[in-house]
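J.: Structure provided below as structure tokens; questions to follow.
The values are calculated or read from the model by the stated rules, or taken from the named source; none is laboratory data. No experiment lies behind these values; they were computed from the predicted model shown. Here Cβ is always computed from backbone atoms with ideal geometry, including for glycine, and neighbour counts include all displayed protein chains.
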Amino acid sequence: MTKRTFFTTNGIAAPEAYEAWRCREWPSVAPVFETQPREGAFFAESETFGFRDLAITRSRMAGLDYVRTGSRIRGDGLDHLGVLILFRGKGAGDAEGRSLACDGGVLLGDLSRRSHWTAAASRSMTFAIPRALAEEVLPPVRDLHGLVLGTARAQPLMDHVRAIAPHLLTLPAESGPALARAFLHMLAVSLDHPAEPELESDTRSIMQLATRQRAEALVEQHLHYPAFGVQDLARLLGLSRSALYRLFEASGGVAAFIRGRRLQRICAALADPADHRRAAEKAYACGFADQAQFIRAFRRGYGMTPVEYRAAMLSAEMRQVRARDRIRRG
């Protein structure tokens, strides 16, 4: 079974809480960084799980300044990829010239390089993974130093971490390499990086399906906004336009998918006998701002005008009603 270490400032007098955290024994981030508490009462609660080749820590922390200095780097010799997953909280800083700003999401750091991070109170998980293991899957760790992934882009990775968290205590210590590789593959997907070795096809397929489902849900939520399009969806998902196109390639592209969903939604409105709005009103409610464009798109899709489609649907409905009445009459 894995080794678990727990720490809390609960029960420690407020003036002594920070020093108790800073001076506690390893595992702790305190020896890794020069730290300085921010204004307000200091509190900390952390739970660290030690696996072979992997350390995972869940934390609830007050705001702190963290500085990874040259003397710390020389003193501890850590050669790891550090991954901070912020479920709640934000911060800003610098990683050897790369400006950092993160309001939820994921922050990557090369622990063999300098960094400065000022964080607000947060709820987070951190992963420390040896460089050699990380670079089996990811680009060089040096190139990842200070990279920030917003919540939208990192959501699949964050969901993966939430799913494994309840099981960490019951997993054997020997499962560290497998846990690390699974985590790194998920991170590679968030980075849109073709991992070396390649991600297993099943893993990539599952992730693509999850991302596609999330993309479709976002389209449904924003369909009534006429201006909503490819650029907006890419931004919400944290994907490049090319990655987003690949996701919808089988549907003819993102724009074609959005247009098709708008047409399907308006078809439902046109076929509803209780909906007496004009076709133009229904079109606008479904995200079509231009009536002429809407009519052209509808005719291309269904071979008739919206008015003709509604008439045909209402006529079909009337025939069904009459047929049901005849059946009831015997």
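J.: Testing Y18 on (1) modelled with pLDDT under 90; (2) in a helix (DSSP H, G or I); (3) buried (at least 17 other Cβ atoms within 10 Å of the Cβ), one condition comes back false. Which one is that?
T.: Tallying (1) modelled with pLDDT under 90; (2) in a helix (DSSP H, G or I); (3) buried (at least 17 other Cβ atoms within 10 Å of the Cβ), Y18 fails exactly one: (1).
J.: Separate question: May I ask you to verify whether M125 is out of contact with any Gly (no Cβ under 9 Å at 6 or more places or on another chain), crowded, with 17+ Cβ neighbours inside 10 Å and either without any contact (Cβ under 8 Å) to a residue 24 or more places away in the chain or assigned to a strand (DSSP E or B) (or both)?
T.: Against the criterion (out of contact with any Gly (no Cβ under 9 Å at 6 or more places or on another chain), crowded, with 17+ Cβ neighbours inside 10 Å and either without any contact (Cβ under 8 Å) to a residue 24 or more places away in the chain or assigned to a strand (DSSP E or B) (or both)), M125 qualifies.
J.: For the subset of the stretch 47-103 comprising residues that are hydroxyl-bearing (S, T, Y) and either in a strand (DSSP E or B) or without any contact (Cβ under 8 Å) to a residue 40 or more places away in the chain (or both), which member is surrounded by the fewest Cβ atoms within 10 Å (Cβ to Cβ)?
T.: Filtering the stretch 47-103 for residues that are hydroxyl-bearing (S, T, Y) and either in a strand (DSSP E or B) or without any contact (Cβ under 8 Å) to a residue 40 or more places away in the chain (or both), the one surrounded by the fewest Cβ atoms within 10 Å (Cβ to Cβ) comes out as S71.
J.: Something else now. Can you find a residue that is within 15 Å of R123 (Cα to Cα) and over 27 Å from the mean Cα position of the chain (by Cα) anywhere in the stretch 61-68?
T.: Within the stretch 61-68 (the criterion being within 15 Å of R123 (Cα to Cα) and over 27 Å from the mean Cα position of the chain (by Cα)), the answer is no, since none of the residues qualifies.
J.: Counting only residues that are more than 22 Å from R153 (Cβ to Cβ) and outside the structural domain of D192 (by TED's automatic domain parsing), give me the helices (runs of 4 or more DSSP H) lying completely in the stretch 213-330 with at least 3 of them.
T.: Correct list: 254-270, 279-285, 291-302, 306-329.
J.: Output the residues belonging to the stretch 1-15 that are assigned to a strand (DSSP E or B), under 19 Å from F127 (Cα atoms) and polar (S, T, N, Q).
T.: Hit for the stretch 1-15 is T5, nothing else.
J.: In this structure, does V148 turn out to be within 23 Å of G75 (Cβ to Cβ) and among the β-branched types (V, I, T)?
T.: When the stated conditions are applied, V148 does not pass them.
J.: Within the stretch 104-114, restricting attention to residues that are in a strand (DSSP E or B) and among the small types (G, A, S), which residue is modelled with the highest pLDDT?
T.: For the stretch 104-114, the residue satisfying everything is G109.
J.: So which of G150, G77 is over 18 Å from the mean Cα position of the chain (by Cα) and either polar (S, T, N, Q) or modelled with pLDDT under 95 (or both)?
T.: Criteria check complete, one pass: G77.
J.: Since R262 meets every condition but one in (1) within 27 Å of S242 (Cα to Cα); (2) at pLDDT below 90, which condition does it not meet?
T.: (2)
J.: Turning to a different aspect of this structure: Within the stretch 128-145, take every residue that is in a helix (DSSP H, G or I) and among the aliphatic types (A, V, I, L, M) and give me the one that is surrounded by the fewest Cβ atoms within 10 Å (Cβ to Cβ).
T.: A132
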